[in-house]
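Working notes, structure below.
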Amino acid sequence: MATIDGRPAQYGVTLKQLRELMELRGSEGIERLESEFGGILELTKKLYSSPTNGLSGNASDMEHRRQTFGSNVIPPKPPKTFLTLVWEALQDVTLIILQVAAVVSLGLSFYKPPAESKSGPQEGNTEVGQHDEGEEEAGWIEGVAILISVAVVVFVTAFNDYTKEKQFRGLQSRIEGEHKFSVIRGGEVHDIGVGDIVVGDICQIKYGDLLPTDGILIQSNDLKIDESSLTGESDHVKKGADTDPMVLSGTHVMEGSGKMLVTAVGVNSQAGIIFTLLGAAADEEEVEAKKRKKEAKKQRKKQKKGDLGEELIVANPNKQGEGEAAAVTGNSHHATANSANADGDVRNNKHSKEEEEGEEGGPTGGGGHDKSVLQAKLTKLAIQIGYAGSFIAVLTVVILIVRFCVQTFVLEGKPWDTFYANHFVKFFIIGVTVLVVAVPEGLPLAVTLSLAYSVKKMMKDNNLVRHLDACETMGNATAICSDKTGTLTTNRMTVVQSFICSEDHKTTPKFESLPHAVGDLLVNAISINSAYTSRVLPGDNPGDLPKQVGNKTECALLGFVMDLGKSYQVIRDEITEENFHRVYTFNSVRKSMSTVVPRNGGYRIYTKGASEIVMKKCSFIHGKDGRLENLTRSMQERLVREVIEPMACNGLRTISVAYRDFVTGKAEINQVHFDSEPNWDDEDNIINNMTCLCIVGIEDPVRPEVPDAIRKCQRAGITVRMVTGDNINTARSIASKCGILRPGDNSLILEGKEFNRRVRDASGKIQQHLIDKVWPSLRVLARSSPTDKYTLVRGIIESKVSANREVVAVTGDGTNDGPALKIADVGFAMGIAGTDVAKEASDIILTDDNFTSIVKAVMWGRNVYDSIAKFLQFQLTVNVVAVVVAFVGACAINDSPLKAVQMLWVNLIMDTLASLALATEAPTPDLLLRKPYGRTKPLISRTMMKNILGQAMYMICVIFVLLFYGDKLLDIDSGRYADIRDPPSQHFTIIFNTFVMMTLFNEINARKIHGQRNVFQGFFTNPIFYSIWLSTLASQIVIVQFGGVAFSTQALSLELWLWCLLFGCGVLLWGQVVTSIPTKKLPKNVFSYGSGEPINDPIADLASEDKLDSDGKDSKRTGQILWIRGLTRLQTQEDQEGETHGGEIRVVNAFRQGLDARPSNPNLAAVLKKQTSLSKRLSQGSSLEYADMCPDPEELTVPEIDVERLSSHSHTETAV
């Protein structure tokens, strides 16, 4: 018989049996477990595991289990290929129009007009034919050059998307690699990556864990699980080995602890099964969606046709079908690629936030936090630019065509010739090029590069960014609500003071000096009534401080036991977790933990927790020499006044330890006699009349670097608030040491109860106007619950008291911090002390749990914002000049001085390089010397607008002087009014070259956006910038000297080059003049753009129109859709960056679309069925019936399957 690691290779249970077992719940699950497998211990034996020792950890055994039961990985969706990304980049409307125009131009260049008819005027014939030779040689070049330019743009965009997606996958796997879980192997507890867990492992689960696999409980203490991600049920489900032992992957442990046997991993777990079904459903839905769109279009066409149209269709059905197929193909890619981007990606962030907010009980209402602050401003700006660009582009084409027709056919009286079509195509190309120039195509790339560069660098600064947009949002932060423990303090806790038997000990007393009975009770109370996952281990090297593993407060108490000269492990070995009768685990409501253990036929309860809370539950205390004394109300008040408050005022966290005995025989004064089993659910009566053993003061020193970091924040205009569950005196002391509280600043320090009293009205409802009275001066919120934290954060975000609206960052580590982390503009979770739930709700994970890292995040965020502002300043100057020159040129000389290919080079290629150059500027400490921008401050400030218009004025003046007088000034042939077939002129080459030189030198000016005079400061610290600048200059020399007909250039002499450079350098001198203009004198409304969020997002509106289209209910199409389609690259790239879970959300969108359209999709039905079987309240039939009857399917889907949370870190799944 084959053996693996000394045991049979055949398991006593199959994968199918385990999958079927995990489908069951409650009593059904227990029955099947007992009848088929003989109970949990027998099942453990069948899987060759041990409840106490776990698996051996042997490599061959692990591999065999993976082959038999699967590995804990859900295969990611394959990434998009490079060609797919190229195809998607080609869907951009402006590029499609350019391609069509280029192809038409190309076709016309090869078309030879027939000889002029004899009746036509002779001079017309010579006019038309005189440049035939030149036309044959070079007529095709412009069309080809435009096509090549488009190809370059498409490949740059696709390559950028490809590298970005690759980076996201790396980031996702890094985030998932961080997720470790406690398993028992070889009798030792190990933290291993979730991908390494196998069936048969014994896992320790505790408060705050996100379960990575399905399992069955072997033992549990007060365990409550949040299964809403699978079932949609918001109530926490009580779990126990005797009541409901089945625990599922993707669910959260909200209370308690336990030990479970892993029974299903990866695609075989409940979350994995749903993922697999959803993946298949999404793929099928894509095909279905295309079919539906085609059908809808056919229906619309039929409806539009009158009776005559219907007769035609009947008469010639084949032809009609072909035409429609062509029409559909022409538009379907547009719909699937672009609107998939616009529809899916624009709403991605929105969807995830809405879903998350839905879990907290409704949307925030407070001011558009669906998009990040920068995204909202960019969207608004893009819309403003789009309107202006579209208007000028149409006007340019109209003026060119009207002027040409009047000049040629009216004034000169020439007859129509097919050759004139070339002119119209050329005018059309100029118009499209103006539109291309008007829309800042380089902006998405600048945003992408800036964010990607920053995220990479932020990892070195201990910021693991989960959502890219959080990076720039952090730069706008005006308020930080920080935890105390571990963030502001070192989270290395030690007991430095104790009050035992009426004696105050400033150092750890000797065990012998304590009354023997009290000493034993104290050591037992701490050793047993602490999570067994909390341990104090020797340091890695001799002389190192001991390592604290687990809860740091408990580690401090265990360290106190060790300092007394006793071993907590000996007691734990004697009383194992299996011996516990009941555990009341710590939570934010109890603020204490209690453990019930059997003792001599009765029970003993040990309790520890916040001192003033435990003291209220005590009726007795051990006094001098261990004598038992009554703890009266006045004595309690004296202890609080003389012992607890002085400790707290020194910044110590105070913990009380107490106990109570339940006995069957005669009871002492502090014991309780019982005949029948006590009602352990009646917690208030059980944890009462206790005997106090001691009060300890635990020191958690302030991190040495925190006071300086907080000073930097305050100087940068960011208000730091401390929100803690600690005693108000402890909180005040730590806040003063950190610098959060400063003498004479009238700061408000409140406890949670008082805060609630102030912000709620008479009926107990929270009122925004009441919060507005509290938060501006509030600096410390003590003894606060997670709900208080959520109320405060939401209140600050929704407040309209400050002009620029507050942008709030929040730190959190506990499971219950989830709501506050989600609603915050940026949520920081602690990488070391944080629970999985907190990390899941966060945007950035602090890998070192240090407040200083938050300050670095602010610096990087401001740098991103400034980098994009720099690029905008540069880009918009180029755009304004190019648009004005093209427009005025069209009006004045019936031609654009800058040709289509030249504008493409300037706008698309040079701007791509400029975005790379300006987006990689490193942050400087100066960034922290200015105030934050806030939520509504314009993206383009008055200083920037002054620079843009000032530089544009200089450039336009230089170009128009060269255009109208350049030929005389420089003694060259004029290029004005040249025929369409004339070779390129030196005159227009100088205009093009001067424009590029001015743009290049303006790129140096653009490095400063706050009115600084020294634009060269830090120039040589950024090699990327000067390398790109020099390479662009070199490319321009090559284009001018050797570009020829392709770039409409003619080689220039050295003298003419020096003139171009002189005009270019003039930009730097003119920049100093512009800087001298006082900004404050400029009107605010005229000189600032892109402020706040758009009231209606037309791109999202477009998405909803698409939805109507696909259902065939409304075929209305507005003119604005076309240019919005063109803008989708601005928006979609922006939004794609905001997600590391993009693919998962697309799966949800596909899932929703499927429900919207009600197809008969077996995979979707399977998902619904699967999910319904998990739900407790709804029967399978009623749920599916509800799905069919539901008027708005989102009502069913949003709360039911929360895929984003479900995926989370449960598996090493890296779908992007």
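The values are calculated or read from the model by the stated rules, or taken from the named source; none is laboratory data. Nothing here was measured: the structure is a model prediction, and the numbers come from that model. Here the Cβ is made from the backbone with ideal geometry for all residues, glycine too, and neighbour counts use every protein chain on show. All accessible areas refer to the heavy atoms of the entire protein, side chains included, with ligands and DNA or RNA removed. Shrake-Rupley method; radii C 1.70, N 1.55, O 1.52, S 1.80 Å.
Here is how the numbers come out for the structure above:
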read-out	value
Full-stretch length increase - R627, N804 - with 0.36 nm per residue and alpha-carbon distance subtracted	57.4 nm
Per residue value of the accessible surface for segment 548-663 (all protein chains in place, 1.4 Å probe), Å²	42
With all protein chains modelled, accessible area of T213 [1.4 Å, Å²]	0
Extension gain, R572 back to S1031 (0.36 nm per residue minus Cα-Cα distance, nm)	158.3 nm
Cα-projected label distance for I192 with E642, points at 7 Å along beta-carbon direction, nm	5.6
Area accessible to solvent at D825, 1.4 Å probe radius, in Å²	20
Estimated D of segment 830-926 in µm² per second, where Rh is the Kirkwood radius over Cα pairs and Stokes-Einstein applies at 25 °C, 0.890 mPa s	144
Per-selection Kirkwood Rh - segment 903-1037 (Cα, Å, 1 d.p.)	17.4
Fraction of accessible area attributable to carbon and sulfur, segment 426-574 (%, probe 1.4 Å)	55
Out-of-range pairs (alpha-carbon distance over 31 Å; input K552/K937; K77/K380; K16/K224; K773/K931; K552/K712; K377/K946)	K552/K937; K77/K380
Modelled FRET efficiency - R0 22 Å, L1058 with F1016, Cβ distances, 0.05 increments	0.50
Length released on extending from S27 to R715, taking residue separation times 0.36 nm less the Cα-Cα span	241.6 nm
Segment 375-518: translational diffusion in µm²/s, Stokes-Einstein, Kirkwood Rh over Cα pairs, 10 °C, 1.306 mPa s	69
Distance in nm between pseudo-label sites at I956 and N58 (7 Å out along the Cβ direction from Cα)	8.2
Distance in nm between pseudo-label sites at R742 and S173 (7 Å out along the Cβ direction from Cα)	4.8
